[in-house]
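Structure first, commentary second.
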Amino acid sequence: MKVTNEKTENCQAFLTVEMGPDEVEESLERSYYRLAKKTNIPGFRRGKAPRAILERYIGKESLLEDALNSLLPEAYEKAIKEQKIEAFAQPNIEIAQTDPVIFKVAVPLTPTIKLGDYHHIQATPEPVELTEDDVSAAIEKMRHQRATWEPTERPVDFDDLVVLDIESNIEDKPFINQKGAQYQVLHELSFPTPGFAEQLVGMSRNEEKEFKLQFPLDYPRGELAGKEPSFKVRVIEIKHEKLPELNNEFAKEISPDFKSLDLLREKVSTDLRLRAEEKAGIDFEERVIEAVVDMTELDFPPILVEVEVDRLINQQLRRWQMGGKGLEEYLGIINKTEEELRQELHPLATKRVTQSLVLGKIAEEEKFEVSDSEVSAEIENTTKSATENKDELNKFLNTPQAHKSIKQVLITRKTIQRLVEIAKGSDINIKTQKEEQK
């Protein structure tokens with residue numbers, strides 16, 4: 001085996017490895033014995049067919065592919081050991097040619113991180129502002145949630161709920177055909193097509209109407225973009241929204257604890273402020289982290305971003321697979337190729353990898369540790385807040401892999417808290433108090 005270290009850049013070592021004929025032949029022979037034992041070849045018992053017969057039956061390419069699948073990982077390990085390279089993540093291996101066998105490897109190296117003077121970062125949290133209009137808007141939303149729909153004889157208006165018979169076609173093919181469909185007439189609603197809701201406004205009960213609409217050229221569903229469906233609709237029923245009166249009785253309907261509308265407003269105000277403060281806190285943390293990242297010199301292998309992109313895609317798929325949908329169907333729905341989706345997620349993945357590496361380096365500098373008791377407390381809190389399958393969740397959280405993940409989360413949490421304290425100036429005050437106590 002001959003190994004050539006071509007270059008090192010972008011936190012990667014690029015190697016070219018040429019395998020010796022004897023090494024390849026030895027791997028081919030191992031593959032022959034392995035495949036012969038599980039391949040049914042007419043006229044031979046399993047494992048007894050000569051290699052030449054097996055090659056003719058499955059193809060020389062298949063035998064070589066199997067041999068390389070086991071040979072390349074072994075050769076890679078020998079190559080980086082010979083070059084005294086410590087890989088940080090899984091490599092990218094590409095076969096350049098098969099006669100002789102030559103493959104190229106991009107070996108991810110340990111990221112280089114040079115932190116800036118994060119001990120002196122300064123930032124001021126944005127003040128939380130909550131107005132009476134915000135409280136009124138939240139209560140108005142509650143009214144809409146508890147509204148009733150009552151029939152009306154007037155023509156259709158925006159925000160009404162109508163019952164329709166719909167017939168429609170696109171290029172002489174059925175599009176949407178439904179009897180008694182319920183549809184709320186909302187401004188600029190793009191379903192089933194942009195402009196559909198506007199066509200219904202002014203129609204009376206039992207009135208029929210025919211019209212055509214066109215999907216925009218940039219419509220998210222590519223198979224519909226630019227096409228012109230024709231519609232025939234008949235209004236069966238028109239209902240308008242009747243909101244409950246805003247009084248003490250309404251407050252009691254929300255909860256028996258609210259004896260008056262004033263108590264409801266007070267509770268809504270408190271909840272809105274808590275949510276606003278939580279969001280402001282998260283936004284402030286993000287600003288502080290970005291400030292630290294901006295002052296850090298960082299280089300890491302690109303494969304880390306690709307791995308994070310894979311994780312983000314799997315995260316999106318898990319939401320869709322509840323309905324049995326896979327990647328191809330998901331890509332069809334969002335009208336993107338896999339490459340387009342990966343490119344779209346690339347900036348977010350890069351940001352997450354960058355922040356993770358920087359926070360990890362700070363945690364290392366600060367020597368943060370997490371005790372077993374802290375892990376147990378986190379598991380207990382997580383299990384308590386779960387609404388279902390608590391026993392299964394608890395069992396999973398008590399696996400070694402989950403413990404390792406929880407420790408990492410807690411260390412990251414401590415790191416962010418330290419940075420926030422520094423940015424606010426409270427970290428300096430804490431240090432000063434400790435020094436005075438000494």
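The values are calculated or read from the model by the stated rules, or taken from the named source; none is laboratory data. Keep in mind that this is a model prediction, so the values were computed, not measured. Neighbour counts run over all protein chains shown; Cβ positions are idealised from the backbone, glycine included.
The single condition among (1) modelled with pLDDT under 95; (2) of a type outside the set (Ser, Thr, Tyr); (3) more than 33 Å from the chain's Cα centre (by Cα); (4) closer than 30 Å to GLU245 by Cβ that ASP99 does not meet is (4).
The set of residues in the stretch 1-40 being loosely packed, with under 14 Cβ neighbours inside 10 Å, within 21 Å of GLN83 (Cβ to Cβ), of a type in the set (D, E, K, R) and more than 41 Å from the chain's Cα centre (by Cα) consists of LYS2 alone. Tell me, which residue of the stretch 139-188 that is free of Cβ contacts under 8 Å to residues at least 12 places away in the same chain and of a type outside the set (Asp, Glu) is nearest to VAL235 (Cα to Cα)? It comes out as ASN177.
When each of ASP299, ASP310 is tested for being touching a residue at least 24 places away in the same chain (Cβ under 8 Å), in the same structural domain as GLU340 (by TED's automatic domain parsing) and out of contact with any helix residue (DSSP H, G or I) (no Cβ under 8 Å at 6 or more places or on another chain), the lone residue that passes is ASP299. Filter the stretch 272-286 for residues that are of a type in the set (D, E, K, R), surrounded by fewer than 14 Cβ atoms within 10 Å (Cβ to Cβ) and closer than 29 Å to LEU341 by Cα and give the result. Answer for the stretch 272-286, where residues must be of a type in the set (D, E, K, R), surrounded by fewer than 14 Cβ atoms within 10 Å (Cβ to Cβ) and closer than 29 Å to LEU341 by Cα: LYS279, ASP283, GLU286. Test GLU253 against the criterion of being assigned to a helix (DSSP H, G or I), of a type in the set (D, E, K, R) and closer than 28 Å to THR152 by Cα, and give yes or no. Yes; evaluated as a whole, the condition is true for this residue. Before we move on, is ALA349 part of a helix (DSSP H, G or I), under 23 Å from VAL420 (Cα atoms), assigned by TED's automatic domain parsing to the domain that holds LEU419 and aliphatic (A, V, I, L, M)? Judged against the criteria, ALA349 is not a match. Of everything in the stretch 41-100 that is touching a residue at least 40 places away in the same chain (Cβ under 8 Å), among the aliphatic types (A, V, I, L, M) and touching a Pro at 6+ places or on another chain (Cβ under 9 Å), the residue that is farthest from ASN5 (Cα to Cα) is ALA89.
So that you can scan it fast, the table gives a plain yes or no per residue for (1) under 16 Å from GLN417 (Cα atoms); (2) in a helix (DSSP H, G or I):
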{"site": "GLU245", "(1), (2)": "no, no"}
{"site": "THR270", "(1), (2)": "no, yes"}
{"site": "ARG287", "(1), (2)": "yes, yes"}
{"site": "GLU290", "(1), (2)": "yes, yes"}
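Surrounded by 13 or more Cβ atoms within 10 Å (Cβ to Cβ), assigned to a loop (DSSP other than H, G, I, E, B) and of a type in the set (Gly, Ala, Ser): does that describe SER204? The answer is no for SER204. Of all the residues in the stretch 37-87, those that are among the polar types (S, T, N, Q) and closer than 18 Å to GLU23 by Cβ number 3.
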